[in-house]
Ligand SMILES: [Zn+2]
């Protein structure tokens, strides 16, 4: 595994952590009946999910092209 591979993977993991964090926050907001906050977190989750998908794509492309 080369250093670029490690960097790309680190980005994927960071995005996954952020998704976990936002999911927990959203669950908490729902439990507390904070509908507006929950909706806002839902939006953020959608965006972070899209970023995560792109980071996974970038990592997969690197693995394919570099063979590492
Ligand atoms: Zn590589």
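Readers should treat all values here as calculations from the given coordinates under stated rules, not as data from a laboratory. Keep in mind it's a predicted model, so treat the numbers as computed, not measured. Methodologically, a virtual Cβ is constructed for each residue, glycine included, from the backbone with ideal geometry; neighbour enumeration extends over all protein chains shown.
List of remarks:
- No other residue among 24, 47, 52 is away from the ligand (no atom under 16 Å from the Cβ), over 13 Å from the mean Cα position of the chain (by Cα) and either outside any helix (DSSP H, G or I) or at negative phi (or both) apart from 24.
- Taken over the range 1-16, the criterion of being more than 14 Å from the ligand (Cβ to nearest atom) and surrounded by fewer than 11 Cβ atoms within 10 Å (Cβ to Cβ) is satisfied by no residue.
- Every residue from the range 27-41 that is surrounded by 14 or more Cβ atoms within 10 Å (Cβ to Cβ) and part of a helix (DSSP H, G or I): 29, 30, 37, 38, 40, 41
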